[in-house]
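Student: Take this structure, written in structure tokens, and hold onto it; I'll ask about it next.
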Amino acid sequence: MTPRTGSRSLPARRSPGAPYRIAVVCLGNICRSPIAEVVLTSKLEQAGLGDEVEVVSAGTGGWHLGDPMDRRAAAVLTAHGYATGTHEVQQFESSWFDDCDLVLAMDADNRTEITALLLDPDEGHRIRMFRDFDPRADDGDRDVPDPYFGGDDGFDTVLAMVERTAAGIVEALEALEAAEASERGAGGA
């Protein structure tokens, strides 16, 4: 396995004092991105960052707009103790870049489609692969596989990958929070 060379640091918060906003984006917003939204939100709450970070999810396609998450995605989350809440499919649009500090693509195709929506190329640093924060990912293996056309075991695989990666994202957010707190302290002296 070739170690991943992507950075685990995060882009700065757009608006000081506002929650850090993360969008997790897959193809249809029915499987991978809602699983990631639920897991990452849970991990952030456990870390005491629930008020500091907001997570939303969307799809690059609009086929399922307004639908709930896939029943298998909801089932795997529930089976592992996560509260699924009510999910309604959304589509990622260019305007989301105005509100998001970080956009996490679940696979390379999603990243390409998200990048094509950029109106300001200088904002491209806000787009990352979700698995940039997975300690087991390498440069040749950064996609979260889409379990939609497979069996239930694919959802278990995606959940394990998302849980592992969410832990890395939380660590990066804790580091960002500490750096921002230090910067505020230095500026107020």
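Student: Which residues, counting only those in the range 38-58, are part of a helix (DSSP H, G or I) and either open to solvent by less than 40 Å² (accessible area, probe 1.4 Å) or in contact with a His (Cβ under 7 Å, 6 or more places away or on another chain) (or both)? Reasoning before the result, please.
Tutor: Pass one, the range 38-58, residues part of a helix (DSSP H, G or I): 38-46.
Residues satisfying the conditions are 38, 39, 40, 42, 44.
Student: Check whether at least one residue in the range 72-86 is under 16 Å from residue 167 (Cα atoms), in a loop (DSSP other than H, G, I, E, B) and either β-branched (Val, Ile, Thr) or open to solvent by less than 40 Å² (accessible area, probe 1.4 Å) (or both), and report yes or no.
Tutor: Checked against the condition, which is being under 16 Å from residue 167 (Cα atoms), in a loop (DSSP other than H, G, I, E, B) and either β-branched (Val, Ile, Thr) or open to solvent by less than 40 Å² (accessible area, probe 1.4 Å) (or both), the range 72-86 yields at least one hit.
Student: Quick one: which residue in 35, 22 is aliphatic (A, V, I, L, M) and outside any strand (DSSP E or B)? Explain how you work it out, then say what you get.
Tutor: Numbers: 22 fails: outside any strand (DSSP E or B).
Result: 35 is the single residue among 35, 22 that is aliphatic (A, V, I, L, M) and outside any strand (DSSP E or B).
Student: Let me ask something else about it. Using beta carbons and a limit of 8 Å, which pairs, at least six apart or on different chains, have the first residue in the range 72-101 and at positive phi and the second one at pLDDT 95 or above and buried (at least 19 other Cβ atoms within 10 Å of the Cβ)?
Tutor: 85/38
Student: Here's another thing I want to ask about it. Among 103, 76, 25, 53, which is touching a helix residue (DSSP H, G or I) at 6+ places or on another chain (Cβ under 8 Å) and over 20 Å from residue 158 (Cα atoms)?
Tutor: Details: 103 fails: over 20 Å from residue 158 (Cα atoms); 76 fails: over 20 Å from residue 158 (Cα atoms); 25 fails: over 20 Å from residue 158 (Cα atoms).
Unique residue meeting the criteria: 53.
Student: Does residue 167 satisfy the criteria of being farther than 14 Å from residue 11 by Cα, open to solvent by 20 Å² or more (accessible area, probe 1.4 Å) and of a type in the set (A, V, I, L, M, F, W, C)? Before the answer, list the steps.
Tutor: Working: farther than 14 Å from residue 11 by Cα: yes; open to solvent by 20 Å² or more (accessible area, probe 1.4 Å): yes; of a type in the set (A, V, I, L, M, F, W, C): yes.
Spelling it out, residue 167 is indeed farther than 14 Å from residue 11 by Cα, open to solvent by 20 Å² or more (accessible area, probe 1.4 Å) and of a type in the set (A, V, I, L, M, F, W, C).
Student: For the range 17-27, which residues satisfy the criterion of being open to solvent by 10 Å² or more (accessible area, probe 1.4 Å) and in contact (Cβ under 8 Å) with a residue 60 or more places away in the chain?
Tutor: Those that are open to solvent by 10 Å² or more (accessible area, probe 1.4 Å) and in contact (Cβ under 8 Å) with a residue 60 or more places away in the chain: 21, 27.
Student: Select from the range 93-119 the residues that are of a type in the set (D, E, K, R) and at pLDDT below 95 and write down the one among them that is surrounded by the fewest Cβ atoms within 10 Å (Cβ to Cβ). Working first, answer last.
Tutor: Step one: list which residues in the range 93-119 are of a type in the set (D, E, K, R), which gives 93, 98-99, 101, 107, 109, 111, 113.
Remaining after also requiring at pLDDT below 95: 98-99.
Details: 98: 10, 99: 13.
For the range 93-119, the residue satisfying everything is 98.
Student: If the Cβ limit is 6 Å and pairs must be 6+ apart or interchain, which residue in the range 154-173 that is farther than 13 Å from residue 24 by Cβ and in contact (Cβ under 8 Å) with a residue 12 or more places away in the chain pairs with which residue that is part of a helix (DSSP H, G or I) and of a type in the set (S, T, N, Q)?
Tutor: Pairs that qualify, where the first residue is farther than 13 Å from residue 24 by Cβ and in contact (Cβ under 8 Å) with a residue 12 or more places away in the chain and the partner is part of a helix (DSSP H, G or I) and of a type in the set (S, T, N, Q): there are none.
Student: So, one more: May I ask you to list the residues in the range 124-139 that are closer than 19 Å to residue 113 by Cα and open to solvent by 40 Å² or more (accessible area, probe 1.4 Å)? Give the derivation first.
Tutor: As a first pass, look at the range 124-139 and keep what is closer than 19 Å to residue 113 by Cα: 124-132.
Correct list: 125 only.
Student: Further question: Yes or no: residue 61 assigned to a loop (DSSP other than H, G, I, E, B), under 19 Å from residue 148 (Cβ atoms) and open to solvent by less than 30 Å² (accessible area, probe 1.4 Å)? It would help to see each step written out before you state the result.
Tutor: Values: assigned to a loop (DSSP other than H, G, I, E, B): yes; under 19 Å from residue 148 (Cβ atoms): yes; open to solvent by less than 30 Å² (accessible area, probe 1.4 Å): yes.
Yes: the conditions hold for residue 61.
Student: Within the range 145-164, take every residue that is surrounded by 19 or more Cβ atoms within 10 Å (Cβ to Cβ) and of a type in the set (A, V, I, L, M) and give me the one that is nearest to the chain's Cα centre (by Cα).
Tutor: 162
The values are calculated or read from the model by the stated rules, or taken from the named source; none is laboratory data. Here the structure is a predicted model, which means the values were calculated and not measured. Every residue, glycine as well, gets a Cβ built from its backbone with ideal geometry; the counts of neighbours run over all protein chains shown. Remember, those area values only see protein heavy atoms, side chains included, never the ligands or the DNA or RNA. Shrake-Rupley method; radii C 1.70, N 1.55, O 1.52, S 1.80 Å.
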